[in-house]
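I have placed the structure first, in the form of structure tokens, so that the comments after it can refer back to it.
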Amino acid sequence: MTTRRGIRAPWPILIPALVAIAFLLTPLVALLAAAPWGQLADQLTNPLVRKALWLSLSTATVATLITIILGVPLAWLLAQGSWRGRRVLRALVVLPLVLPPVVGGVALLLAFGRRGLLGGPLYDWLGVSIPFTPVAVVMAETFVALPFLVLTVEGALNSREHRYEDIAASLGASRWSVARRVTLPLVAPAIAAGAVLAWARAIGEFGATITFAGNFPGRTQTLPLAVYQALETDRDAAIVMSLVLVVASLSVLVSMRSRWQV
């Protein structure tokens, strides 16, 4: 038995391919070369780095939990056959993927600011102010991360094997029992994958966060915002925090490797 390997790519494409590899890897190599390895421990215990790292980890985790709670039902709704407005709704859900993050931050500010569409009544009636607080950080991260989980889970729901659900229903299981005991376990790997992608997007968020939550050290300054500020005052700290973000992103890719293989 022989294995088909297909037609090999023509050799002229090797040159642009190598250029692309060099273009992508050179910045990473430069980052590693400039890293203050001898001061790595000191930099990681720097209060600025530690606070920004803790805020990033905690808010990204909370945002990811919210995306699961809200995103799985939304993905289920989008996967339910064809109904009027479905395509429009999907387009609106996907919009944060292509929208400049700073525009998302402005939209959040207009919606939940002290004079915003919903934030105005909250502030006037209850005295609740959301912008420039840790809650605003979580909301900004949720806004940009939610589409990743929704699209991942929707794809799994659309491609799942329906016969197991049909068998369970024919045996008398209620719709809720089928969903809980059959459908959710079938798409659980997709939910996990979507959550990992959402977490990675949340921890790297910059534009919407700085617009809606501000950049206040110890309060709303996440790791990406701290990198931006540290570039002006502490280059070594900026490099160390950049390395932390690279490691986090690389860890996500490694955990998702089975889904990229063909």
Inset, instruction - For segment 193-200, indicate whether the set of residues that are in contact (Cβ under 8 Å) with a residue 60 or more places away in the chain, farther than 16 Å from Ala156 by Cβ and within 13 Å of the chain's Cα centre (by Cα) is non-empty. - result: yes
Inset, instruction - Mind counting the residues in segment 37-50 that are assigned to a helix (DSSP H, G or I) and either at pLDDT 95 or above or surrounded by fewer than 17 Cβ atoms within 10 Å (Cβ to Cβ) (or both)? - result: 9
Inset, instruction - Provide a single number: the residues in segment 67-119 that are crowded, with 18+ Cβ neighbours inside 10 Å and of a type in the set (Ser, Thr, Tyr). - result: 1
Legend entry - Answer residue from segment 218-262, given it is surrounded by fewer than 17 Cβ atoms within 10 Å (Cβ to Cβ) and part of a loop (DSSP other than H, G, I, E, B) and is modelled with the highest pLDDT among those: Arg219
Inset, instruction - Check off (1) within 23 Å of the chain's Cα centre (by Cα); (2) at pLDDT 90 or above; (3) surrounded by fewer than 21 Cβ atoms within 10 Å (Cβ to Cβ); (4) over 30 Å from Ala226 (Cα atoms) for Glu154 and give me the number that stays unchecked. - result: (3)
Legend entry - Entirely in segment 95-203, the helices (runs of 4 or more DSSP H) that have 2 or more residues that are touching a Pro at 6+ places or on another chain (Cβ under 8 Å) and of a type outside the set (S, T, N, Q): 101-112, 134-159
Legend entry - For Asn215: the one exception among (1) free of Cβ contacts under 8 Å to residues at least 60 places away in the same chain; (2) in contact with a Leu (Cβ under 6 Å, 6 or more places away or on another chain); (3) not in a loop (DSSP other than H, G, I, E, B): (3)
Inset, instruction - Test Thr61 against the criterion of being among the β-branched types (Val, Ile, Thr) and farther than 25 Å from Ala237 by Cα, and give yes or no. - result: no
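The values are calculated or read from the model by the stated rules, or taken from the named source; none is laboratory data. As the structure is a computational prediction, the values presented were derived from the model and not from experiment. Methodologically, a virtual Cβ is constructed for each residue, glycine included, from the backbone with ideal geometry; neighbour enumeration extends over all protein chains shown.
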